[in-house]
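Since every read-out is calculated from the coordinates, none of them should be taken as a lab result. Only a predicted model underlies this, so the values are computations on that prediction, with no experimental measurement involved. Here the Cβ positions follow ideal geometry from the backbone for every residue, glycine too, while neighbour counts run over all protein chains shown.
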Amino acid sequence: MSLTSSPLGMLLATGSDAVLRNHQHYFIVFAQVGTPLKDFKNSFELVQATSHAIEAHKGAYEQAKILHRDISVGNILITDEGDGLLIDWEFSKPLDSSKARLTERTGTWQFMSGNLLSHEPGEANHVLADDLESFYHVLCWVTLMHGRHGLAVKAVETQIARAYDAWHGLNESDAVGGEKKILDLLASRISS
């Protein structure tokens with residue numbers, strides 16, 4: 001096919017005023033490209049993979065002007081080389097879009113920021129700080145659930161239940177929570 005026989009080439013050749021629309025491309029991968037973050041070999045690999053995911057997020061935020069909005073343990077993979085890979089961008093949003101595409105919350109409850117969880121769905125705008133806090137919660141959750149730390153099983157279950165699973169409200173779709181996350185972050189700020 002020559003340039004002038006393609007739709008773009010015809011527009012360029014004729015000097016048309018037609019508007020070219022931006023399209024997003026999606027790829028389906030049928031082979032495993034990495035292992036789940038929770039299956040890290042050691043703490044170095046966990047932190048390195050998370051750091052790489054944060055770097056990818058930073059690149060998307062600064063260069064492509066996109067916010068991921070679904071940072072979770074399931075969305076960070078570890079490659080065979082030990083690199084981190086941030087996946088599942090279907091809830092991402094361009095920074096310049098004035099309104100969210102979805103009126104409900106985006107993200108995985110356990111890893112969402114305390115700020116987003118403390119508001120009813122649609123009341124809080126998802127911003128960079130929310131995604132960065134989600135990376136923190138991913139590291140804490142994975143360390144508690146899968147790390148070598150010497151904590152009693154009951155202590156881990158209690159912390160997970162209070163900080164990551166707790167919610168209140170009439171039903172899950174209108175649930176609020178996140179108080180323990182906010183208090184834990186404030187306590188670490190005060191004590192450091």
Say the dipole of the range 24-191 comes from +1 at the beta carbon of Lys and Arg and -1 at that of Asp and Glu; which of Phe91, Ala163, Phe111 then lies farthest toward its positive end? Ala163
Honestly the range 24-191 on the Cα gyration tensor test (a ≥ b ≥ c root eigenvalues; a/c under 1.5 rounded, otherwise a/b vs b/c for prolate or oblate) is just oblate
Taking a threshold of 27 Å on the Cα-Cα distance, which of the pairs Lys58/Lys181; Lys65/Lys180; Lys38/Lys180; Lys38/Lys154 fall above it? Lys65/Lys180
What are the trypsin sites (Lys or Arg not before Pro) within the range 106-186 that DSSP puts in a loop, where the Cβ has at most 15 other Cβ atoms within 10 Å? Arg148
With Cβ to Cβ distances under 11 Å as the rule, what net charge do the other residues near Ile71 carry (K, R +1; D, E -1)? -4
Label-point separation (nm) for Ile160 and Ala31, each offset 7 Å from Cα along Cα-to-Cβ? 3.3 nm
Can you tell me the relative contact order of the range 24-191? Whole percent, Cα pairs under 8 Å, sequence separation 6 or more. 21 percent
Quick one: go through the range 112-135 and flag any residue whose amide nitrogen is under 15 Å from the point 7 Å out along the Cα-to-Cβ line of Asn171. 121
Please work out the Cα center distance from the range 51-129 to the range 134-192, rounded to the nearest Å. 18 Å
